[in-house]
Amino acid sequence: MAHLRSRRRLALAVPVVLSLTASLGFLPAAASAAPRTVTAEQATDAPALAYVVNTKADRRTIASVERAIAAAGGKVVVTHDRIGVIVVHSANPDFGKEIRRARGVQSAGATRTAPLTAAGTTDEGAANFVTAAEAARTKAVSAKTPGSEPLEADQWDLRAIGADKAAKINDGSRKVTVAVIDTGVDDTHPDLAPNFSAAQSANCVGGKADTGEGAWRPYTADDYHGTHVAGEIAAARNGIGVAGVAPGVKVAGIKVSDPDNGLFYPENVVCAFVFAADHGVEITNNSYYVDPWLYNCMDDPDQRAIVDAVNRAQLYAQRKGTLHLASAGNSNHDLASDAIVDDSSPNDTTPGTRTIDPSECFDVPTQLPGVVTVSATGVQNLKSYYSTYGKGVVDVAAPGGDRRYQLPDTPSKDGRILSTMPNGEYAWLQGTSMASPHAAGVAALLKSKHPWASPAQLQALLKAQADNPGCPESYDQDGDGVQDATCEGGSRVNGFYGFGVVDALRAVK
């Protein structure tokens, strides 16, 4: 499975955002970031490793750096002129060291530590598909509520944030598109086909956007993560299956998972952000972290280059009007702490154990400036047992499911999130991967109501309409007498929920 939010994910406190922005600088202003690509002959025989080389966004400097890349044994795959990011392949083991010495290079580093291997996402646990018997039982209950979708009785998450009632007031504008940067989206699913935007979809694997027919679709049915996420956002209210939080908006798919191992490499994500920006996408959902490092430390030249490249791309998109939302992660980590143990990086070779400072080592893209970080809740409006948290880090919370401690009184009694799957199927998943798209759906409703809102204004609106339950008196979920996590803060802002749980009904009112 790709590198999705089954993994842990960090968010960003304001001081961290400011320091990160200061350390990397602001993105060069530009009208378009359309990449220049090399010929098929130049791009063949891909060497052992891929790199990102970051430089000034002017053609003279870029041309000089491209010559230096060739001299160091590199081959340019794609150049994103407007943000000064060049994707390179090279078999030279010293390429990184050599190119960092070249004039005009601001940062450069390998985007992987091995020639290609294994991954993860932010869903927690395996998917459980809906059987025919279960569907029949749920449909019978759903039929008792006029206007419900056939499986909606099991969608406790919609009712938890008032999305069922919001749809009767404003189900979202067709002028708003949410792009799912993920493992691909099956646009042939009957619940997704009515709202799918092929013109804003692509396959960005390798760092170059392929917009050919169906390029955005998952490789196999096992690459279901993006399709599930897309349904949570915008599954149509069409009398089939389930409903999304914003069933009237459009949804696009930008595939970034590697076909061999499912990893979300930096060059793929850079391509996705630039493509979304240049194709008029208003909102992106990011339920993953960029491989191969869970946290990218600024004192490491390779990891710093990854942060630099992805940050340039996401800032470029923000400046063109795109708001990004990302999942907080499933490690039950306190991201406001002084130290975190990372035993999963790098995930493309043999991981080691290191202790990192989350103010100096960043989860990308979650901890980048302006990205909305989302924690997960269950049916009781309580932080899900797995969800990462942190005061000043988490921005908002949203339903992500909790099958262990928060079970709903629904036909299936399942505390996870029900949504679309490839090949017209439906299944249950839980994770902060599922929380982020719920918040993205509410952001889409807000954008529908406030079409001229900038990404910063939209984020402020998202926080303003959220309902904060405040820190619980106790968070001893397993009843062993030990607190499983500590919530810091008050009823307005705290570490579990940020500014609160998103509210679709308040958003449309």
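The values are calculated or read from the model by the stated rules, or taken from the named source; none is laboratory data. Worth saying up front: this structure is predicted, and the values here are computed from it rather than measured. Don't worry about glycine lacking a Cβ; one is built from the backbone with ideal geometry, like all the others, and counts go over all protein chains shown. To get the accessible areas, we keep the full protein, side chains included, count just its heavy atoms, and leave off ligands, DNA and RNA. Shrake-Rupley method; radii C 1.70, N 1.55, O 1.52, S 1.80 Å.
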**Report entry** Meets criteria (at pLDDT 95 or above and open to solvent by 10 Å² or more (accessible area, probe 1.4 Å)) for D164
**Finding:** yes
Query - Residue pairs meeting the criteria (Cβ under 9 Å; at least 6 apart or on separate chains; first under 15 Å from V442 (Cβ atoms), in the stretch 457-479; second among the hydroxyl-bearing types (S, T, Y) and open to solvent by less than 40 Å² (accessible area, probe 1.4 Å)) - result: A466/Y497; D467/Y497; N468/Y497
Requested in this report: Could you please give the count of residues in the stretch 178-216 that are in contact (Cβ under 8 Å) with a residue 40 or more places away in the chain, within 19 Å of the chain's Cα centre (by Cα), assigned to a loop (DSSP other than H, G, I, E, B) and under 18 Å from G262 (Cβ atoms)?
Outcome: 8
Query raised in the report: Would you call V256 in contact with a Phe, Trp or Tyr (Cβ under 6 Å, 6 or more places away or on another chain), crowded, with 24+ Cβ neighbours inside 10 Å and β-branched (V, I, T)?
Result: yes
Query - Search result, residues across the stretch 335-354 that are in contact (Cβ under 8 Å) with a residue 60 or more places away in the chain and outside any strand (DSSP E or B) - result: L335, A336, P346, N347, D348, T349
Query raised in the report: Among the residues of the stretch 432-455, is there at least one that is open to solvent by 40 Å² or more (accessible area, probe 1.4 Å) and among the small types (G, A, S)?
Result: yes
Query raised in the report: In the stretch 355-367, which residues are buried (at least 21 other Cβ atoms within 10 Å of the Cβ) and part of a loop (DSSP other than H, G, I, E, B)?
Result: P358, D363, V364, P365, T366, Q367
Query raised in the report: Here is a list of conditions, (1) surrounded by 22 or more Cβ atoms within 10 Å (Cβ to Cβ); (2) over 15 Å from the mean Cα position of the chain (by Cα); (3) not in a loop (DSSP other than H, G, I, E, B), and L325 meets all of them except one; can you say which number that is?
Result: (2)
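Let's see how each residue does on (1) at pLDDT 95 or above; (2) in contact with a Gly (Cβ under 9 Å, 6 or more places away or on another chain); (3) under 30 Å from P346 (Cα atoms); (4) surrounded by fewer than 24 Cβ atoms within 10 Å (Cβ to Cβ):
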{"residue": "P194", "(1), (2), (3), (4)": "yes, no, no, yes"}
{"residue": "T220", "(1), (2), (3), (4)": "yes, no, yes, yes"}
{"residue": "G226", "(1), (2), (3), (4)": "yes, yes, yes, no"}
{"residue": "G231", "(1), (2), (3), (4)": "yes, yes, no, no"}
{"residue": "A235", "(1), (2), (3), (4)": "yes, yes, no, no"}
{"residue": "G239", "(1), (2), (3), (4)": "yes, no, no, yes"}
{"residue": "V251", "(1), (2), (3), (4)": "yes, yes, no, no"}
{"residue": "L263", "(1), (2), (3), (4)": "no, yes, yes, no"}
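Among S331, S359, S344, which is more than 30 Å from K447 (Cβ to Cβ), small (G, A, S) and within 17 Å of the chain's Cα centre (by Cα)? First the steps, then the outcome.
Numbers: S359 fails: within 17 Å of the chain's Cα centre (by Cα); S344 fails: within 17 Å of the chain's Cα centre (by Cα).
So the residue among S331, S359, S344 that is more than 30 Å from K447 (Cβ to Cβ), small (G, A, S) and within 17 Å of the chain's Cα centre (by Cα) is S331.
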Query raised in the report: Somewhere in the stretch 405-423, is a residue in contact with a Phe, Trp or Tyr (Cβ under 8 Å, 6 or more places away or on another chain), open to solvent by 50 Å² or more (accessible area, probe 1.4 Å) and aromatic (F, W, Y)?
Result: yes
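What is the residue count in the stretch 128-160 for residues that are of a type in the set (S, T, Y) and modelled with pLDDT under 90?
If we filter the stretch 128-160 for residues that are of a type in the set (S, T, Y), which is where we start, we get 131, 138, 142, 145, 148.
Restricting the remaining residues to those that are modelled with pLDDT under 90 gives 131.
Selection size over the stretch 128-160: 1.
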**Report entry** Breaking point among (1) at pLDDT 95 or above; (2) under 22 Å from T211 (Cβ atoms), for A43
**Finding:** (1)
Requested in this report: Determine whether G147 is surrounded by fewer than 18 Cβ atoms within 10 Å (Cβ to Cβ) and more than 27 Å from Y265 (Cβ to Cβ).
Outcome: yes
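Within the stretch 99-112, can you find the residues that are of a type in the set (D, E, K, R), surrounded by fewer than 24 Cβ atoms within 10 Å (Cβ to Cβ) and closer than 15 Å to A309 by Cα? Reasoning before the result, please.
Going through the stretch 99-112, the residues of a type in the set (D, E, K, R) turn out to be 100-101, 103, 112.
With the extra rule that they be surrounded by fewer than 24 Cβ atoms within 10 Å (Cβ to Cβ), the set shrinks to 100-101, 103.
R100, the sole residue that qualifies.
Among the residues of the stretch 343-358, is any among the aliphatic types (A, V, I, L, M) and over 24 Å from A398 (Cα atoms)?
Of the residues in the stretch 343-358, the ones among the aliphatic types (A, V, I, L, M) are 356.
Add one more test, that the residue is over 24 Å from A398 (Cα atoms), and what stays is 356.
Yes: one or more hits.
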Query raised in the report: Failed condition for G96, given (1) among the small types (G, A, S); (2) surrounded by fewer than 24 Cβ atoms within 10 Å (Cβ to Cβ); (3) modelled with pLDDT under 95; (4) within 19 Å of W293 (Cα to Cα), with all others met?
Result: (3)
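If you scan the stretch 480-509, which residues turn out to be without any contact (Cβ under 8 Å) to a residue 40 or more places away in the chain and open to solvent by 40 Å² or more (accessible area, probe 1.4 Å)? Can you show your working first?
Let us first name the residues in the stretch 480-509 that are without any contact (Cβ under 8 Å) to a residue 40 or more places away in the chain, namely 480-483, 490-492.
Residues satisfying the conditions are D480, G481, V482, Q483, S491, R492.
Would you kindly identify the strands (runs of 3 or more DSSP E) lying entirely within the stretch 368-485 that contain at least 3 residues that are farther than 21 Å from Q314 by Cα and within 17 Å of the chain's Cα centre (by Cα)? Break it down stepwise before answering.
Numbers: elements: 372-377, 396-399, 417-421, 425-429.
Because the criterion is at least 3 residues that are farther than 21 Å from Q314 by Cα and within 17 Å of the chain's Cα centre (by Cα), the strands (runs of 3 or more DSSP E) in the stretch 368-485 that meet it are 396-399.
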Report summary line: If we ask which residues in the stretch 486-509 are in contact with a strand residue (DSSP E or B) (Cβ under 6 Å, 6 or more places away or on another chain) and at negative phi, their number turns out to be 8
